[in-house]
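Only one structure is covered here, and it is reproduced in the block below.
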Amino acid sequence: MWNYDHIFHSLLILVLFLCFYMNLPRISLKINKTFVNLIIVCCGVIISDILSSYADNNNMDFSIASLYLVNGLFFVLYFLRGYLFFDFSVCAINQDGKIVKTGKWLSRIPFLICCGFVVTAPLNHLFFYIDEMGYHRGSFYSLTFIEMFVYIALSYIVCLAHNSSISRNRDLNSIYWYNFILFLGSVFRVLFPYYLLMDTFCIMAIIVIYLSFENPDFYLEGHTWIFNSKALRSYLRENYSKRNFKVLTFIIHNYREIKELYGAPQMDEGIRLIGDFLRNAYGNQTVFYCRSGRFVILGDAAFDCAAAYEYISDRFTRPWIAENTELYLDIGAAQLKFGGMPIPFEEAMNVLMTSFEVADNAVGKDIVVVDDELMKKFCEQTDIKRNLEYAIEHNNVEIFLQPIISCESGKLVGAEALSRIRNKEGKIIPPNLFIPIAEKNGRINELGEQVFAKVCRFIRDNDIEKLGLSWINVNLSPIQLMNNNLVDLLGEYISKYDINPEVIHLEITEEAMVDEHLWESQIEIITGKNFKFVLDDYGKGYSNMSRLKKCPFVNVKLDMSIVWDYCKYNDELLPDMVSSFRKMGFEITAEGIENQEMADKMKDIGVNYLQGYYYSKPLQCEEFISFCKSNL
Ligand code: C2E
Ligand code: MG
Ligand code: MG
């Protein structure tokens with residue numbers, strides 16, 4: 001009575017699918033394991049379906065007990081399949097690890113109840129029963145549809161409940177789709193019970209799952225057989241709570257330059273060769289490639305990172321021979337252990353990524369050990385980065401003003417605007433911590449724009465002349481100067497706040513002058529718009545006086561390091577420098593004045609302006625206004 005001809009095809013398709021899938025490298029994740037279990041159980045359902053249908057069609061040839069057994073096996077696997085589809089939906093929704101693991105046992109209850117009916121069927125005949133006439137449905141047979149409908153409904157409910165935590169819309173769409181296919185299959189099963197079409201619908205659902213979630217390519221880097229950073233992230237997130245693994249990260253030094261030198265195809269081939277070498281040495285599961293010449297090896301507790309690095313760096317002493325090219329590559333490495341300091345997963349990922357930078361900058365061949373102290377430092381940096389992003393996004397960058405005093409009159413003549421951001425507790429983060437980060441990630445342009453806008457607003461809102469100020473200095477990073485639109489941007493704020501550009505002095509450092517061509521053209525355009533330039537931090541690091549001759553600075557600021565040096569040792573260098581600058585027509589400001597004696601010494605050598613804690617630390621705008629008023 002059962003028509004099971006076409007389910008042989010379904011079985012064949014599933015077995016081929018399974019073989020193909022198992023043949024590719026797979027990362028050991030719960031979602032992948034659930035997928036494999038699902039295919040195996042689907043095969044089991046088909047095989048037991050064929051067996052039970054055959055036995056039921058030929059019931060005279062079988063004992064009642066064996067008919068119960070074979071039908072019971074089919075129904076248990078059938079119910080398990082329904083549960084596994086739901087379990088897969090949960091894994092797919094939970095790829096970001098955001099769903100708290102509650103209700104796992106609760107969600108198994110429908111499956112367990114159904115199994116209870118199957119197992120007790122010989123006693124109570126409720127679900128099905130067998131007599132001399134063969135197989136019969138019991139009064140609770142409709143459980144076969146109900147269980148599937150319940151799990152489909154649960155999948156939709158979990159999807160809707162965690163809608164916002166699913167990162168890719170496509171994922172959500174796919175989950176809806178394969179559950180809809182299963183729903184159609186179940187409806188068909190209700191309408192045409194003798195056709196055994198449910199398996200075909202299950203295969204369609206599995207194909208949708210494969211295309212959306214399970215294509216092993218999703219976890220592999222390019223055309224290589226090495227796992228990518230998505231795989232690393234997923235694997236670490238799933239296993240992070242155990243924290244019993246060691247991590248070795250290494251990076252190819254000067255990857256970008258080398259890639260340009262050898263060419264992209266050769267480099268890609270080189271990466272493939274390195275990947276093969278690592279996979280052979282450390283197994284499939286543990287090697288990851290995170291682009292830009294960055295590799296990660298995850299080892300168990302017994303993994304010896306230092307020995308592994310020695311082995312790997314020894315291989316790197318020989319060339320990687322790829323497509324008629326010999327690639328000579330050099331690496332730096334770091335080792336991490338997540339067992340010690342308890343940090344959240346996202347922080348751990350940041351630490352891991354920062355370890356590449358540290359490995360890249362490390363001097364010598366030694367492996368960098370990322371211990372708790374270094375990890376803490378990385379986490380602090382991440383925190384600063386976060387606060388910086390927040391301040392920029394919410395227009396929360398603050399300006400503090402530090403007075404600049406004229407040596408001649410002893411009065412306040414100007415101020416320097418210095419930026420500040422705050423952490424969540426409202427504590428100030430100093431610029432030497434966040435400016436380098438902003439310069440690195442490009443946010444300095446937006447930060448500088450906010451500072452400039454706020455200085456313009458301060459000038460518009462306060463009659464600065466009445467406060468005794470002739471100008472306010474604003475710091476410009478060399479990166480801002482590289483922006484061709486800088487002058488338009490500055491001009492926009494000048495017109496918006498309707499102020500005179502001459503009252504804003506732009507402080508730049510010598511680093512901005514490294515690219516002479518760019519610098520000369522920029523300075524010409526900007527001075528053309530009536531802005532004035534000040535040279536900041538003169539004497540800090542490498543300084544070149546002759547380069548300054550042709551620059552239109554109105555002021556040169558002596559870095560506090562040379563001011564302090566002079567005040568301690570009284571050499572002749574600084575007075576000579578000051579007189580040379582004066583001859584060149586520059587006025588001079590000395591930074592870092594902390595007491596009267598320092599101020600006197602600077603006046604004696606011919607400095608024009610003084611700035612330092614002796615007069616005042618940088619102040620919030622209201623405090624600064626009070627300071628000005630009390631100094632009038
Ligand atoms: P800078 O431009 O050389 O600013 C002077 C720094 O010296 C300020 O540090 C100031 O607080 C500090 N200072 C002033 N007088 C004394 C003193 O008597 N003793 C000591 N020990 N320090 C003194 P701050 O505000 O921490 O700024 C550090 C640096 O961060 C600045 O050095 C500047 O290069 C950079 N910066 C600050 N704000 C901005 C900004 O808005 N844009 C850019 N691009 N850089 C900024
Ligand atoms: Mg400055
Ligand atoms: Mg300075």
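The values are calculated or read from the model by the stated rules, or taken from the named source; none is laboratory data. Fair warning: this is a prediction, and the values are worked out from it, not measured in the lab. FYI the Cβ positions are ideal-geometry reconstructions off the backbone, even for glycines, and counts take in every protein chain you see. Quick note on the areas: whole protein, heavy atoms, side chains included, nothing else; ligands and nucleic acids left out. Shrake-Rupley method; radii C 1.70, N 1.55, O 1.52, S 1.80 Å.
Data overview
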item	result
Asn57 paired with Arg170, simple spin-label distance in nm, labels 7 Å along Cα-to-beta-carbon	4.3 nm
Distribution of pairwise C-alpha distances over the chain, 20 Å bins, in %	15, 32, 28, 16, 8, 2
Residues with amide H under 5 Å from that of Val413, placed H, sequence gap 5 or more	Ile404, Ile405, Ser406
Long-range HN-HN contacts of Phe128 with modeled amide H, under 5 Å	Gly138
Cα extents of region 149-261 along the three principal axes, largest first (Å)	65, 32, 26
Percent breakdown of C-alpha pair distances by 10 Å bin, ordered from the shortest bin, for region 7-214	8, 34, 34, 18, 5, 1
Per residue accessible area of the chain, 1.4 Å probe, in Å²	48 Å²
Carbon/sulfur fraction of accessible area - region 219-370, other protein chains in place, 1.4 Å, %	49 percent
Magnitude of the charge dipole, the chain, Cβ model with Lys/Arg +1 and Asp/Glu -1, debye to 20	1440 debye
Stokes-Einstein translational diffusion, region 219-370 - Kirkwood Rh over all Cα pairs, 1.306 mPa s, 10 °C, in µm²/s	102 µm²/s
Positive-end residue of Cys551, Asn441, Phe303, charge dipole of the chain with Cβ unit charges	Phe303
Formal net charge of residues neighbouring Gly585 (Cβ-Cβ distance under 15 Å; K, R +1; D, E -1)	+4
For region 490-503, 3J(HN,Hα) per residue [Karplus equation, 6.51 cos²θ - 1.76 cosθ + 1.60, θ = phi - 60°, Hz, x = Gly/Pro]	4, x, 4, 6, 4, 6, 4, 9, 6, 10, 8, x, 5, 7
Solvent-accessible area, 1.4 Å probe, carbon plus sulfur percent, for region 395-630	48 percent
Pairwise centroid distance, computed over Cα atoms, of region 444-474 with region 198-261, Å	50 Å
Derived scalar couplings ³J(HN,Hα) [region 106-115; Karplus, 6.51 cos²θ - 1.76 cosθ + 1.60; whole Hz; x for Gly, Pro]	4, 6, 7, 4, x, 4, 5, 4, 4, 4
Whole-Å distance, taken between Cα centres, linking region 114-160 and region 572-592	93 Å
Kirkwood estimate for region 386-539, i.e. one over the average of 1/r between Cα atoms, Å	16.2 Å
